[in-house]
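Engineer: Please see the structure below; I have some questions.
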Amino acid sequence: MNRKPHVAVLPNLGLGHLIPQLEFAKRLVVHHGIHVSLLLITTNEPSPAQDQLLSSSHLPPDLHIVPLPPVEVDKKIINDGDVLVLTRLCVITDHSLRSLKSVLIALGKPNALVTDIFATQAFDVCKELLIPTYVYVTTSAAFSAFMLYLPKLDSDVNCEFIDLPEPIQVPGCSPIRTHDLLDQARNRKIDEYKWLLHHFSRLPLASGIFVNSWKDLEPVSIKSIKENPFFKQIPTPPIHPIGPIIKQEETLSVVDVECLKWLDKQPPDSVIFVTFGSGGTLSFEQQTELAWGLELSQQRFIWVVRKPTDSTGAGTFFNAGETNENDPKVYLPEGFLDRTQGVGFVVSSWAPQVTILGHHSTGGFLSHCGWNSVLESIVHGVHLVTWPLYAEQRMNSTMLVEDIGVAIKPKMEAGQQNIVGRKEIERVVGMVMEGEEGKVIRSRVKELKESATKALDSSGSSYESLSCVANYWKANHN
């Protein structure tokens, strides 16, 4: 009989949710002596990147993958450009979690369940089974504060949030400009907003909230959630900053090895890495401007190129890792690959991000500002050019530039909605790699790199935060 506490962890679809919660599960097992079942939402549509991640990960003996019965998803829901990402995610999750009760019973009713923010249906099942339920927030403490404040904002404000004359003041936190709001909160009439409000309204039902951040990175937001009278009266569950938890290992393909060999030959801190996460895509026009901007900058670069799409910035969210489309390189300006040969290295669809960010030749990161990418960049001491595309990325971008001070943000082209022009790209890439402002933010990110290491040490704030909960589970383990 396994005498360790047994905890189930339930991530949602999408690598941005799965990767940090898989790493969280590993930390529970390796550092805190917990037996973990990772419950996997599966569908009839394959996810090549997810399959590769799970098959290549070296799982510790007390971590077991438990796929939930696959959901037959109407291909129309997955492929219909009119059905937005969060709605698709929530519909699939809603169907999948109908089997959760029987799965938890078959597992012998774990001592606790840690669920994703968009899988709060688990609260109802676990209440019935008397299983304490926690939430794992895959984004920032600042966004966690916004999530907890949204139900109050929804009841107080009649108009659309984007029409408010002033920034949104989350109690005790930095104001949020309305144009930085995530897409799902920009139109309160759509299903995406209703799903958002539904799940965020249920967060106070949790026994605790794990946040993938740490005190030195977000001191104001973390303190506010813990101490501000507004959050106390909700009442907000205990918040546990346990980050930065990032991907620790990557399986390298033949192309990845080629890319790293090229990187080995470059001078220290000389290459800017350009990629938009597991789900990000650009429009054809914007991809063309980015190509010209990189070329004009004359800086060394690695660029992960995908087939452009004009429908949504999250064009590969549900099929990350697929490479069977036309070669994305055909969508680059004519002659670009020849003109940048030796200076740049272009790869299609996918690259080993953590390995590249940890390489001594990498000196900058042009990123979509997904929270996993932000943490990976800071942990490896690489400062950023921010290029937000979807979800809460605009909020992350503003925080990185204005509050944390580790990034530069390009300006949109005058008269061109949502397009960053080639000259502006040339300017910011040059600034982050060689300019005085680049030196200042490089110094700041190196400080936070050290702070991140200390937070996860056995005497660090994040280690102690997770240890406190793990010890509670052990003390209450039958």
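Engineer: Being surrounded by 22 or more Cβ atoms within 10 Å (Cβ to Cβ) and of a type in the set (S, T, N, Q) is true for just one of SER221, SER207. Which residue is that? Spell out the reasoning first.
Structural biologist: On the way: SER207 fails: surrounded by 22 or more Cβ atoms within 10 Å (Cβ to Cβ).
Every option except SER221 fails the conditions.
Engineer: Here's something else I'd like to know. Spot the failing condition for GLN417; the list is (1) in contact (Cβ under 8 Å) with a residue 24 or more places away in the chain; (2) surrounded by fewer than 22 Cβ atoms within 10 Å (Cβ to Cβ); (3) assigned to a loop (DSSP other than H, G, I, E, B), and only one is missed.
Structural biologist: (1)
Engineer: Please state which of the following conditions ALA291 fails to meet, knowing it meets all the rest: (1) open to solvent by 30 Å² or more (accessible area, probe 1.4 Å); (2) closer than 17 Å to THR340 by Cα.
Structural biologist: Failed condition: (1).
Engineer: Restricting attention to the stretch 173-189, does a residue exist that is open to solvent by less than 40 Å² (accessible area, probe 1.4 Å) and either more than 22 Å from LYS409 (Cβ to Cβ) or in contact with a Cys (Cβ under 6 Å, 6 or more places away or on another chain) (or both)? Walk me through how you get there before you give the answer.
Structural biologist: Step one: list which residues in the stretch 173-189 are open to solvent by less than 40 Å² (accessible area, probe 1.4 Å), which gives 173, 176, 178, 180-182, 184-185.
Now narrow it down to the ones that are either more than 22 Å from LYS409 (Cβ to Cβ) or in contact with a Cys (Cβ under 6 Å, 6 or more places away or on another chain) (or both): none.
Scanning the stretch 173-189 turns up no residue that is open to solvent by less than 40 Å² (accessible area, probe 1.4 Å) and either more than 22 Å from LYS409 (Cβ to Cβ) or in contact with a Cys (Cβ under 6 Å, 6 or more places away or on another chain) (or both).
Engineer: Out of curiosity, is LEU400 out of contact with any Lys or Arg (no Cβ under 9 Å at 6 or more places or on another chain) and surrounded by 19 or more Cβ atoms within 10 Å (Cβ to Cβ)?
Structural biologist: Working: out of contact with any Lys or Arg (no Cβ under 9 Å at 6 or more places or on another chain): no; surrounded by 19 or more Cβ atoms within 10 Å (Cβ to Cβ): yes.
No; evaluated as a whole, the condition is false for this residue.
Engineer: Taking the condition open to solvent by 10 Å² or more (accessible area, probe 1.4 Å) and either touching a residue at least 12 places away in the same chain (Cβ under 8 Å) or not aromatic (Phe, Trp, Tyr) (or both), does SER348 pass?
Structural biologist: So SER348 passes the test.
Engineer: Still on this structure, I have one more. With the requirement that a residue be open to solvent by 10 Å² or more (accessible area, probe 1.4 Å) and part of a helix (DSSP H, G or I), what does the stretch 260-285 give you?
Structural biologist: Correct list: LEU260, LYS261, TRP262, ASP264, PHE284, GLU285.
Engineer: Looking at this structure, is SER461 in contact with a strand residue (DSSP E or B) (Cβ under 6 Å, 6 or more places away or on another chain), in contact (Cβ under 8 Å) with a residue 60 or more places away in the chain and within 24 Å of CYS173 (Cβ to Cβ)?
Structural biologist: Numbers: in contact with a strand residue (DSSP E or B) (Cβ under 6 Å, 6 or more places away or on another chain): no; in contact (Cβ under 8 Å) with a residue 60 or more places away in the chain: yes; within 24 Å of CYS173 (Cβ to Cβ): yes.
The answer is no for SER461.
Engineer: Would you mind telling me which numbered condition in (1) in contact with a helix residue (DSSP H, G or I) (Cβ under 9 Å, 6 or more places away or on another chain); (2) of a type outside the set (A, V, I, L, M); (3) part of a helix (DSSP H, G or I) LYS109 fails?
Structural biologist: (3)
Engineer: Could you list, in sequence order, the residues of the stretch 216-259 that are among the hydroxyl-bearing types (Ser, Thr, Tyr) and part of a helix (DSSP H, G or I)? Even if it seems obvious, please write down each step before you answer.
Structural biologist: To start, the set of residues in the stretch 216-259 that are among the hydroxyl-bearing types (Ser, Thr, Tyr) comprises 221, 224, 236, 251, 253.
SER221, SER224, listed by residue number.
Engineer: Can you find even one residue in the stretch 373-388 that is within 30 Å of THR178 (Cβ to Cβ), of a type in the set (Gly, Ala, Ser), touching a Cys at 6+ places or on another chain (Cβ under 9 Å) and buried (at least 22 other Cβ atoms within 10 Å of the Cβ)?
Structural biologist: At the first step, the residues of the stretch 373-388 found to be within 30 Å of THR178 (Cβ to Cβ) are 373-378, 383-388.
Within this subset, residues satisfying the condition of being of a type in the set (Gly, Ala, Ser) are 373, 377.
Next, from what is left, pick out any that are touching a Cys at 6+ places or on another chain (Cβ under 9 Å): none.
Among the residues of the stretch 373-388, not one is within 30 Å of THR178 (Cβ to Cβ), of a type in the set (Gly, Ala, Ser), touching a Cys at 6+ places or on another chain (Cβ under 9 Å) and buried (at least 22 other Cβ atoms within 10 Å of the Cβ), which makes the answer no.
Engineer: Going by the conditions given, is SER96 open to solvent by less than 10 Å² (accessible area, probe 1.4 Å) and either at pLDDT below 95 or out of contact with any Ser or Thr (no Cβ under 6 Å at 6 or more places or on another chain) (or both)? Break it down into steps so the answer makes sense when it comes.
Structural biologist: Working: open to solvent by less than 10 Å² (accessible area, probe 1.4 Å): yes; either at pLDDT below 95 or out of contact with any Ser or Thr (no Cβ under 6 Å at 6 or more places or on another chain) (or both): yes.
It is true that SER96 is open to solvent by less than 10 Å² (accessible area, probe 1.4 Å) and either at pLDDT below 95 or out of contact with any Ser or Thr (no Cβ under 6 Å at 6 or more places or on another chain) (or both).
The values are calculated or read from the model by the stated rules, or taken from the named source; none is laboratory data. Remember, it's a predicted structure, so these values are computed and weren't measured experimentally. Because the Cβ atoms are built from the backbone with ideal geometry, glycine has one as well, and the counts that use them run over all protein chains shown. These accessible areas exclude ligands, DNA and RNA; they are computed on the full protein's heavy atoms, side chains included. Shrake-Rupley method; radii C 1.70, N 1.55, O 1.52, S 1.80 Å.
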